[in-house]
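*Asks:* Let me begin by handing over the structure; questions about it come next.
Rule-based calculations on the coordinates, nothing more; no lab input. Everything numeric here is computed off the predicted structure, so don't read it as measured data. Cβ atoms come from the backbone with ideal geometry, glycine included; neighbour counts cover every protein chain shown.
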Amino acid sequence: MLLRTTLGSQVEAALALQSTGYKHWTKQAEQQGIVLPYTRSDSFVAAFVGTPANPPTRAGQTRSSHVYPAHITKADNVQHIPERIPLDEDFSWLVGAYLSEGCIATGASKKGGKQRPYAVLVSNMSDVFKERFTRFCDKYNIGFHLDSSTRLLPSGKRAPTVSLRMHSLQMGELFTRMFGTGATVKRIDPVLLGAPDIFLSGLLDGYWSGDGSVSTDSNYMMAYSASNSMLQDIQQIGRHRPPGQVLF
C-alpha cells in the first residue's frame with residue numbers, strides 16, 4: 001500500500017478552480033488531471049478554504065512543487081519535502097548513512113492494519129552523524145529525535161547506542177522503495193548509479209563513515225556489508241570512474 005500524497009502545486013490549481021464559484025469545479029479539476037487530497041469536495045474546502053463558522057485547518061501549509069501526506073493530523077511542524085529532492089551532498093550523505101547504519105520503522109494506523117514505514121532511523125554515536133542528520137531534517141522542517149539505549153554484546157556486556165529517528169511518512173516510503181530494508185537486502189537504486197558525482201561522492205562518504213575503513217599506510221579502502229548487491233553497487237560506482245578520478 002503506497003502512501004497517499006498531495007502536491008502543493010495541485011492544491012493551488014484546485015483552489016483557483018474552487019474560487020470561481022462554479023458548482024462543478026471538482027469535475028473541472030478531474031478533467032484537468034488535478035488530484036485532490038480528499039475524495040469529498042467539502043473536506044477540501046474545510047481544509048484549505050474554511051467556512052463562515054470555521055477557519056481552514058490547512059491554509060498556508062502547502063507550497064508549490066512540494067509533496068505532503070494527503071491527510072495531516074497536526075497543523076504544526078508541517079514538512080515541506082520537494083517533489084524533486086535535489087541530489088546534493090546533504091541528501092546523498094543521508095542515503096549513504098542509511099545504507100550503512102540505518103533501518104525503517106513501520107507501524108499500522110489501526111490494530112490489525114497493514115504495516116507501513118513511518119520513520120527513518122540511523123544508529124551511530126558520532127557527532128558528525130548527528131550534525132549531518134539534523135541538518136537535512138532542518139532543511140525540510142522534518143521532525144526528529146534521538147533515542148539513547150544500550151545493546152547486548154556477545155561478551156555479555158552492554159554498550160551504549162544512539163539512534164537518530166526522522167519522523168516522515170514520505171521519506172520512510174521513499175527509502176524503503178529505493179534502498180530496501182534489512183542488512184542483507186539493501187542496495188542502491190539503479191537509477192542513481194548514473195547520478196552526478198556530487199551525489200555519488202556524498203553517498204560514499206556517508207557509507208564509509210559507517211561501514212567502511214581507510215588504510216592510510218597501505219593506500220586502500222574497504223567497505224563492509226551483509227548485502228552482496230550493496231557491495232556490487234559500490235564497485236560499479238568506482239568502476240565507471242575515469243582512471244585517476246576520485247570521488248572523495
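*Asks:* Could you give the nm distance between label points at residue 15 and residue 239, where each point is 7 Å from its Cα heading toward the beta carbon?
*Replies:* Between residue 15 and residue 239, the simple spin-label model gives 5.0 nm.
*Asks:* May I pose another question? Given R₀ = 51 Å, FRET efficiency for residue 43-residue 153 by Cβ-Cβ distance, to 0.05?
*Replies:* It comes out at approximately 0.45.
*Asks:* OK, next. On full extension of the chain, what length is gained from residue 24 through residue 189, given 0.36 nm per residue of separation minus the C-alpha to C-alpha distance?
*Replies:* The span from residue 24 to residue 189 would gain 55.2 nm if fully extended.
*Asks:* Starting from segment 107-141, pick out the trypsin sites (Lys or Arg not before Pro) whose DSSP state is loop and whose Cβ has at most 16 other Cβ atoms within 10 Å.
*Replies:* For trypsin sites (Lys or Arg not before Pro) across segment 107-141 that sit outside H, G, I, E and B with at most 16 neighbouring Cβ atoms in 10 Å, the list reads 110, 111, 114.
*Asks:* Please give the FRET efficiency for residue 127 paired with residue 213, using the beta carbon to beta carbon distance and R0 = 22 Å, rounded to the nearest 0.05.
*Replies:* That pair, residue 127 with residue 213, gives E of 0.70.
*Asks:* Please label the shape of segment 5-82 as rounded, prolate or oblate, based on the square roots a ≥ b ≥ c of the eigenvalues of the alpha-carbon gyration tensor (a/c under 1.5 means rounded; beyond that, a/b larger than b/c means prolate, else oblate).
*Replies:* oblate
*Asks:* Taking the simple approach of a point 7 Å from Cα along Cα-to-Cβ for both residue 111 and residue 176, what is their distance in nm?
*Replies:* The modelled label-to-label distance comes out at 2.2 nm.
*Asks:* Turning to a different aspect of this structure: How would segment 85-176 be classified by its alpha-carbon gyration tensor: rounded, prolate or oblate, with rounded meaning a/c under 1.5 and the a/b versus b/c comparison settling the rest?
*Replies:* Oblate shape, in that a/c is at least 1.5 and b/c is the bigger or equal ratio.
*Asks:* May I ask you to sort 184, 62 by Cβ crowding, counting other Cβ atoms within 10 Å and putting the fewest first?
*Replies:* Least to most surrounded, the residues fall as 184, 62.
*Asks:* If you fit an axis through the alpha-carbon atoms of helix 169-179 and take the longest principal axis of the Cα set of the chain, what angle between them do you get, 0 to 90°, nearest 10?
*Replies:* 40
*Asks:* Moving to a separate point now. If the reach is capped at under 20 angstrom between alpha carbons, list the lysines near residue 110, excluding any in the same chain fewer than eight residues apart.
*Replies:* Partners within reach: 74.
*Asks:* Which value, in debye to the nearest 20, gives the size of the charge dipole of the chain about its Cα centre, when Lys and Arg are +1 and Asp and Glu are -1 at the Cβ?
*Replies:* That gives a dipole near 980 debye.
*Asks:* In addition: So which residue, out of 98, 22, 220, gets the largest mean-square fluctuation from a GNM of the chain using Cα contacts under 10 Å as springs?
*Replies:* So, out of 98, 22, 220, the one fluctuating most is 220.
*Asks:* If you rank 94, 231 by fewest surrounding Cβ atoms within 10 Å, what's the result?
*Replies:* 231, 94
*Asks:* From the backbone phi of segment 225-237, what are the Karplus-calculated ³J(HN,Hα) couplings (6.51 cos²θ - 1.76 cosθ + 1.60, θ = phi - 60°) in whole Hz, Gly and Pro given as x?
*Replies:* Couplings: 6, 7, 9, 4, 4, 4, 5, 5, 5, 5, 4, 5, 4 Hz.
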